[in-house]
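Chemist: Let me begin by handing over the structure; questions about it come next.
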Amino acid sequence: MAIDLAVNQVSKSFGAFTAVEKVSFEVPQGHFFSILGPSGCGKTTLLRMIAGFTPPSEGLIAIRGRDMQGVVPNRRPVNLIFQHLALFPMMTVGQNIAFGLERRREKRGVIRRKVARILERVGLPGFEAKKIDQLSGGQQQRVAIARCLVLEPAVLLLDEPLGALDLKLREQMKVELKKLQVQVGTTFVYITHDQSEALVMSDAVAVMNAGRFEQVDTPQNLYHHPQSAFVARFVGENNAWTGRVRGGDAAALQIDTDDGCRFVCRAAESLDAGSPVELFIRPEALLIEPDEGIADLNRFEVQVRSILFDGANSRLLARPLQTDTELLIALPQNRQYDHIRVDDRIAVGWAPASGICFAAS
Amino acid sequence: MIRTLPQGSVYRFGYRAYILIYFAFLFAPLVVTCILAFNDSQFPALPWKGFTLEWFFGDLPHRVGIFNDRVNLDSIWVSFQVAFGVTLAATAVGTCAAFLFEQEEFPGKPLLYFLMLSPLVIPGVILGISILLFANSMGLYFENRWGLDIALFRPGFWLVVLGQFAFITTLVTLIVSARLRKFDRTLEEAAMNLGAGRLAVIWHITLKYLRPAIIGGAAVAFLMSFENFNTTLFLVGSETTLPINLYLQVRDGSTPVINAISFLLIVGTSVAAVANLYFSRSREN
Amino acid sequence: MNPHRRYRFSLPLVLFLSPVLIWLVLLIVLPHVELLLMSLRVEGDDGGFSYSLANYRQFFDEPIYWLTFVRTAVYAILVTFLTFLVALPVAFYITKVVSPRRQGLLMLLLLMPFWVSELVRVYGWMILLRESGVINHFLVGLGLWEQPVEMLYNDVAMVMGLVYTSMLFMAVPLVSVLESLDDSLIEAAHDLGGNIASIVFRIIIPHAMPGIVSGCIVVFMLTLGNYLTPNLMGGKNSLWFTEQIYNQFIASFNWNQGASFGFLLLLLSSLVIWAGLKITRQKLGKVVQ
């Protein structure tokens, strides 16, 4: 498959501070690629380097095989959707979308037709004459996307464009954006600090931390097979223990946690006995009152501290007996566990394959 | 003390009386001037001798109304031309200066910024004589060196325009800069990202955004130029501007024609200013 | 994260810089250098000239010159102070006391007179105050005075005229600085037992300082450089320094002497403004905004 965007060993420092450090990745044509990281991790800098607003300190950026070094922003075949959209308030919707086409000196009739077609595509047919401030947040979002897509860029860059929307609209736009991307087939590079946006929409996600990529993978793999403690902690919810290795190999490592529990768990790599580790278990991997017949389960008892009801996402907050560790345990709303009350003692278990541990740094 | 706090009635009454007196003080000279423009008398003074429009339209030997008064009409026309020229030049250069100081980086910027502000602290009279002296020296130099007699360097229309331009440009710069400072620069980046070069960005995005401030600045420039006295005083030639012409008449004894002109000025500037205020407000958002 | 500036001396920079440079160099810098040179120049009998401080010595030797200078400076300071005293309650009333509904109207009324030419305003005062003026007409008519009194052409009338003329430049910065004063600060001070005097001196004036400084600077400068009001309303025997300059230029045609006077006035105005900024620890660039 053709590679639309190739980033090779790109770094950026501002004085002594390194914002982006030796980042490399490739995005094949038509893919939805997300860069996920906490604020300040360097993802915006990386995006601005691709758009051409910030020159990299070192490394190469190629778009459709063409080296972008020294190419000014207005000559790059990429378009950027800004965090706050940056729609031109002094222009109508139609003028906003036509702006890029006019810069290319396309014919008036062609421009009019293209504007009409793209507006239809984003679900705003006939909106040409509207003013920007007459639009709702979601509509502005679509105009911003249309303004870029009408130029048929090789790569569309998106800088947390959903951040300003309220929760409900954000959920809706997530789905719409993905549908639109599939429809037009343009390569999207999307940056966000919201893991749910990244997981829902992307073909591949890069998790970024302190200027580096921790892992580039499919959303499913990031969730189920994190390759670092940071990814395990950042993507999805996780319960964490610290502890030491007692023995065993990577497939079944025996661990003594610092708060006195004893577990068997898979590991990312073989670890020597005595070395410190971090252990992660997802809330939904903790089974409440597991069947006695299941073999090899790590079993222990917990006391319920509180019940966090949140519909399908309800959880228990509980402590293993004689410890201060707080655990989140998924509470399926299938009425099977309606009897559980605060301060109840219940049995909990998890399969060694559903936990993961890493050498602690 | 303020709206939300309880106030004693003496305090409240006293404060209101003070404000009332202040506004009376503010408007008394203007109101009296306007009223006396319609008094049927040879002098701008009471007693009231009946209503007349002769000081506007009259064409009698002892009573020439403003609309038949060649000298005053000419000076109004000169003032208009000067103000037009100053407005055009000051708005153009002031807008450039706003871009220069808000968006560009270059060596010596703080010094140049200080120079740009300096007309605010130079008394108008001093600015007038400095430019007069400099123009005079330049004129002498050109005449001695090349035998050229350049009208620009003699007191007159163009020197007045230059003198007023020298300090009015600072005002326009400050007005336009204030709005430019509020400009969201990601709009420029967005335009660049959509394929526009730097000049296209300025033309299509930034200038459109600045339009209310530029119009406001131009209005201020026009008004300041039309009314300027101090700087103009030393630079006028035979074509006098309205303020200079009025000054000469007031100094040497006045007739109600001056009231008539004042009336027109008061009404004209008030209407223009209110209109400007109204438009700038409705445009701003 | 600012966009990287790739363009040093790019086309836009040259486009913006050149008209500004032409303006500032040709119309501000060179004329004032010329003013300084001219003031140092003395013409000899043979038509040539030499450079000396003679023009400045002349200024100090002739009491009428330096007395006028000192008088102008003192009066300008007095006018600035009076303008502040008159304008502060008005600015406070408009921003804090009057109902917000009427605020816009009052502000408009406050500004309106100043859109009209200074000459018209001074002329208005002249027909009010002079011997045959409107005020005299009423006072005599009411029987309060037997004879009309000349109220124009004295220092009191002149100072009042100067205060009137400068009012706008004090009121506008005061209004804008008081607008930024949070009402709850005054409420809190009141709640803590503050009286009017302590609220004014401990809360309002400290907060309004930037506006007060910028208002005072502008008023002082405009008063110092005023020509019209002292000329038309002041006494015939007491000159304002700008009139002195005008006389040297137009009446005596002694440009070198006039230039030295002009330079002294420029020096005084710069000095007072600089001192004002230093004392209140403000920057010119901040104050004008």
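Chemist: Kindly provide the helix-only [θ] at 222 nm of chain A, computed as the sum of -39,500 (n - 2.57) over DSSP H runs of four or more divided by all residues, to the nearest 500 deg cm²/dmol?
Modeler: On the way: 8 runs with 84 residues, N = 361.
It comes out at -7000 deg cm²/dmol, rounded to the nearest 500.
Chemist: Any chance you could list P(r) for segment C:62-287, counting all Cα-Cα pairs in 5 angstrom bins from zero, rounded to whole %?
Modeler: 1, 6, 12, 14, 15, 14, 13, 10, 7, 5, 2, 1, 0, 0
Chemist: With +1 on each Lys and Arg Cβ and -1 on each Asp and Glu Cβ, how big is the dipole of chain B about its Cα centre, in debye rounded to the nearest 20?
Modeler: 880
Chemist: With a ≥ b ≥ c the root eigenvalues of the C-alpha gyration tensor of chain B, is it rounded (a/c under 1.5), prolate (a/b larger than b/c) or oblate? Walk me through the numbers before you get to the answer.
Modeler: Working: a/c = 2.12, a/b = 1.22, b/c = 1.74.
Oblate, since a/c reaches 1.5 and b/c is not below a/b.
Chemist: Determine the distance separating the Cα centre of segment B:143-186 from the Cα centre of segment A:131-207; give it in Å without decimals.
Modeler: Using only Cα atoms, the two centres lie 49 Å from each other.
Chemist: Next question. Please report C:Y123, C:Y51, C:Y56, B:Y209 as a ranked list, fewest other C-beta atoms within 10 angstrom at the top and most at the bottom.
Modeler: C:Y51, C:Y56, B:Y209, C:Y123
Chemist: Students often forget the sequence filter, so: which lysines lie under 18 Å Cα-Cα from C:K278 once same-chain residues fewer than 8 apart are removed?
Modeler: By straight Cα distance, C:K278 reaches C:K286.
Chemist: What residues have an amide H closer than 5 Å to that of A:V277, excluding those fewer than 5 places away on the same chain, when H is modeled at 1.01 Å from N in the peptide plane?
Modeler: Hits under the 5 Å cutoff: A:G243, A:R244, A:V245, A:A360.
Chemist: Using a simple charge model, +1 on the beta-carbon of Lys and Arg, -1 on the beta-carbon of Asp and Glu, nothing else, what dipole does segment B:141-285 show about its Cα centre, in debye to the nearest 20?
Modeler: Here segment B:141-285 has a charge dipole of around 500 debye.
Chemist: With a cut-off of 8 Å between alpha carbons and a minimum separation of six or more residues, what is the relative contact order of segment C:133-289 in percent?
Modeler: Working: 109 pairs, mean separation 40.4, N = 157.
Value for segment C:133-289: 26 percent.
Chemist: Moving on to the next point. If you place +1 on the Cβ of every Lys and Arg, -1 on the Cβ of every Asp and Glu, and leave all else neutral, what size is the dipole of chain C about its Cα centre, to the nearest 20 Debye?
Modeler: 1160
Chemist: Helix-only estimate, please: 222 nm mean residue ellipticity of chain B, summing -39500 (n - 2.57) across DSSP H runs of length 4 or more and dividing by its residues, to the nearest 500.
Modeler: -23500 deg cm²/dmol
Chemist: Now for a separate question. Angle between the Cα long axis of helix A:108-121 and the longest principal axis of chain A, 0 to 90 degrees, nearest 10?
Modeler: For A:108-121 against chain A, the angle is about 20 degrees.
Chemist: Now for a separate question. Based on a Kirkwood Rh over C-alpha pairs, give the Stokes-Einstein translational diffusion coefficient of segment B:55-138 at 37 °C and viscosity 0.692 mPa s in µm²/s. Walk me through the numbers on the way to the answer.
Modeler: Numbers: Rh = 16.8 Å.
Answer, rounded: 195 µm²/s.
Chemist: While we're looking at this one, here's another question. Could you let me know the centre-to-centre spacing of segment B:60-129 and segment C:112-148, using Cα atoms, in angstrom?
Modeler: When both Cα centres are located, 32 Å separates them.
Chemist: Sticking with this one: Mind ordering C:223-235, B:236-248 by average Cβ neighbours within 10 Å, highest first?
Modeler: Final packing ranking: C:223-235, B:236-248.
Chemist: Straight-line reach only, C-alpha to C-alpha below 20 angstrom: list the aspartates and glutamates that A:K114 could link to, leaving out same-chain residues fewer than 8 apart.
Modeler: Once the sequence-local aspartates and glutamates are set aside, what remains near A:K114 is A:E102, A:E106, A:E128, A:E152.
Chemist: Once every DSSP H run of n ≥ 4 in chain C is given -39500 (n - 2.57) and the sum is divided by its residues, what mean residue ellipticity at 222 nm do you get, rounded to the nearest 500 deg cm²/dmol?
Modeler: -22000 deg cm²/dmol
Chemist: Calculate the radius of gyration of the Cα atoms of the protein assembly as shown to one decimal place, then report Dmax, the largest Cα-Cα distance, as a whole number, both in Å.
Modeler: 38.3, 126
Chemist: Summarise the partner chain shielding of B:144-155 as one whole number: the mean count of Cβ atoms from other chains within 10 Å of each residue's Cβ.
Modeler: Numbers: counts 0, 0, 0, 0, 0, 0, 0, 0, 0, 0, 0, 0.
The per-residue average across the peptide is 0.
Chemist: How much space per residue, in cubic angstrom, does the convex hull of the C-alpha atoms of segment C:1-139 take up?
Modeler: Given the Cα convex hull of segment C:1-139, per-residue volume reads 340 Å³.
Chemist: Then there's this: If you wrap segment A:237-359's Cα atoms in a convex hull and average its projection over all directions, what's the area in nm²?
Modeler: For segment A:237-359, the mean projected area of the Cα convex hull comes to 7.3 nm².
Chemist: Turning to a different aspect of this structure: I'd like the Karplus ³J(HN,Hα) series for segment A:29-46: coefficients 6.51, -1.76, 1.60, θ = phi - 60°, whole numbers in Hz, and an x wherever there's a Gly or Pro.
Modeler: With the stated coefficients, segment A:29-46 comes to 4, x, 7, 9, 10, 10, 10, 10, x, x, 5, x, 7, x, 5, 5, 4, 4 Hz.
Chemist: Moving to a separate point now. Over chain B, what is the relative contact order in percent, taking alpha-carbon pairs closer than 8 angstrom and at least six residues apart?
Modeler: 28
Chemist: How large is the translational diffusion coefficient of segment C:9-52 in µm² per second when you combine the Kirkwood radius over alpha carbon pairs with Stokes-Einstein at 20 °C and 1.002 mPa s?
Modeler: This corresponds to a translational diffusion coefficient of 167 µm²/s.
Chemist: Could you put A:K43, C:K96, B:K182, A:K12 in order, starting from the residue whose Cβ has the fewest other Cβ atoms within 10 Å?
Modeler: Sorted ascending by nearby Cβ count, the order is B:K182, C:K96, A:K12, A:K43.
Chemist: Looking at A:L151, B:I261, A:V27, which one has the Cα that reaches farthest to the positive end of the dipole of the protein assembly as shown (charges on Cβ: Lys, Arg +1; Asp, Glu -1)?
Modeler: Going by the Cα projections, it comes out as A:L151.
Chemist: With bins 20 Å wide starting at 0, give me the P(r) of chain A over every alpha carbon pair, in whole percents.
Modeler: Over chain A, the share of Cα pairs per 20 Å bin runs 26, 46, 25, 4 percent.
Chemist: What order do you get for A:I63, B:I76 when you list them from fewest to most C-beta neighbours inside 10 Å?
Modeler: Details: A:I63 23, B:I76 19.
Ranking A:I63, B:I76 by Cβ neighbours within 10 Å, fewest first, gives B:I76, A:I63.
Since every read-out is calculated from the coordinates, none of them should be taken as a lab result. Being a predicted model, the structure only gives us computed values, none of them experimental. Neighbour counts are summed over all protein chains in view; Cβ atoms, including those assigned to glycine, are modelled from backbone coordinates with ideal geometry.
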